[in-house]
Amino acid sequence: MLFGTRACLVCHGWNAIGGGAAPDLRYSPMITDADTFRQVVKGGALKMNGMPPFPDFTDEELETLRFYLRARAQAAPAEQKALLDKARAAQASNAKPQDFVGKWNIVIQTPVGPQKAVMNLQVTGNVVTGKVTAEQGTVDVAGGVKNGRAKFQGKASMPMPITISYDITVRGGKMSGENANGPFGSFPLTGTRP
């Protein structure tokens, strides 16, 4: 809760999986030393590097946050292996560009629950264009199809400008893949025809 409600996730990503806007704290040696962690988070020791101080954290909250990050660090190798296994399995896709065309009802599994959207795609050759419409708004997307996967992205402002990316395939008339939301992380995606 501290990580999610104190703005940590804005820069350091959902579940402390860094999206590139700031360091991935699961791999930071800073989380192994309480004093260093306190100096950086509460005292602003890395303010010149873009890490603002958070002086309102109590010492107990800092330790709770630090131990959360250490638990996430311990889970990181297994999560990385699962992602690599998933990527290897995904490479075996034999979807054709025309398999992606049309309207799809998609569900993105986020940490705040399933998010529904409608994806409408067109394909010309190997070029993908379209729109993804969700409760938060509509994003124009563009990209391509290669080796049975469609990879495309678009720009959104929710509440700050971010790039929303998709990496999907179609098997047996069903869509699966991932949705990446800027610094917030990547989430599993499934889709079916309406």
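The values are calculated or read from the model by the stated rules, or taken from the named source; none is laboratory data. Since this is a predicted model, take the numbers as computed values, not measurements. Glycine also receives a Cβ, built like all others from the backbone with ideal geometry; neighbour counts cover every protein chain displayed. These area figures cover heavy atoms from the full protein model, side chains too; ligands, DNA and RNA do not enter into them. Shrake-Rupley method; radii C 1.70, N 1.55, O 1.52, S 1.80 Å.
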Worksheet item: Here are some conditions: (1) farther than 13 Å from THR192 by Cβ; (2) open to solvent by less than 30 Å² (accessible area, probe 1.4 Å); (3) more than 21 Å from the chain's Cα centre (by Cα); (4) at pLDDT 95 or above. VAL132 meets all but one. Which one does it not meet?
Response: (3)
Discussion item. I'd like the full set of residues that are assigned to a strand (DSSP E or B), in contact (Cβ under 8 Å) with a residue 40 or more places away in the chain and out of contact with any Pro (no Cβ under 6 Å at 6 or more places or on another chain), limited to the stretch 133-160.
Written reply: ARG149, ALA150
Worksheet item: Checking ALA76 against (1) within 30 Å of GLY148 (Cα to Cα); (2) touching a Ser or Thr at 6+ places or on another chain (Cβ under 7 Å), which test does it fail?
Response: (2)
Discussion item. Can you pull out every residue in the stretch 69-99 that is at pLDDT 85 or above, open to solvent by less than 60 Å² (accessible area, probe 1.4 Å) and small (Gly, Ala, Ser)?
Written reply: ALA71, ALA73, ALA75, ALA76, ALA95
Item to complete: Name, by its number, the condition in (1) open to solvent by 10 Å² or more (accessible area, probe 1.4 Å); (2) within 25 Å of TRP14 (Cα to Cα) that does not hold for VAL127.
Response: (2)
Discussion item. Exactly one of these conditions fails for GLN109: (1) surrounded by 15 or more Cβ atoms within 10 Å (Cβ to Cβ); (2) modelled with pLDDT under 95; (3) polar (S, T, N, Q); (4) in contact with a Leu (Cβ under 8 Å, 6 or more places away or on another chain). Give me its number.
Written reply: (1)
Practice prompt. Would you be able to say whether some residue in the stretch 52-68 is part of a loop (DSSP other than H, G, I, E, B), over 30 Å from PRO188 (Cα atoms) and open to solvent by 70 Å² or more (accessible area, probe 1.4 Å)?
Written response: yes
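With respect to ALA117, determine if the residue is open to solvent by less than 30 Å² (accessible area, probe 1.4 Å), out of contact with any helix residue (DSSP H, G or I) (no Cβ under 7 Å at 6 or more places or on another chain) and not in a strand (DSSP E or B). Reasoning before the result, please.
Details: open to solvent by less than 30 Å² (accessible area, probe 1.4 Å): yes; out of contact with any helix residue (DSSP H, G or I) (no Cβ under 7 Å at 6 or more places or on another chain): yes; not in a strand (DSSP E or B): no.
No; evaluated as a whole, the condition is false for this residue.
Taking VAL123 as the residue in question, decide whether it is touching a helix residue (DSSP H, G or I) at 6+ places or on another chain (Cβ under 8 Å) and not hydroxyl-bearing (Ser, Thr, Tyr). Quick ask: steps written out before the conclusion?
Values: touching a helix residue (DSSP H, G or I) at 6+ places or on another chain (Cβ under 8 Å): yes; not hydroxyl-bearing (Ser, Thr, Tyr): yes.
The answer is yes for VAL123.
Which ones in the stretch 161-194 are outside any strand (DSSP E or B) and touching a residue at least 12 places away in the same chain (Cβ under 8 Å)?
Quick first cut of the stretch 161-194, residues outside any strand (DSSP E or B) only: 172-173, 182-185, 193-194.
Correct list: GLY173, GLY182, PRO183, PHE184, GLY185, ARG193, PRO194.
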Practice prompt. Kindly indicate the residue of the stretch 135-149 that is modelled with pLDDT under 95 and among the small types (Gly, Ala, Ser) and also least open to solvent (accessible area, probe 1.4 Å) among those meeting that condition.
Written response: GLY148
Worksheet entry | Residue satisfying all of: in the stretch 150-194; open to solvent by less than 30 Å² (accessible area, probe 1.4 Å) and of a type in the set (Ser, Thr, Tyr); modelled with the highest pLDDT among these | TYR166
Fill in: Where a residue in the stretch 92-106 is β-branched (Val, Ile, Thr) and its partner, wherever it lies, is open to solvent by 100 Å² or more (accessible area, probe 1.4 Å), with Cβ under 9 Å and at least six apart
ILE106/LYS116
Response to the item:
Pairing a residue in the stretch 14-41 that is free of Cβ contacts under 8 Å to residues at least 12 places away in the same chain with any residue that is outside any helix (DSSP H, G or I) and of a type outside the set (Lys, Arg), where Cβ atoms lie under 6 Å and the two sit 6 or more apart in sequence or on different chains, gives GLN39/ALA45; VAL40/LEU46
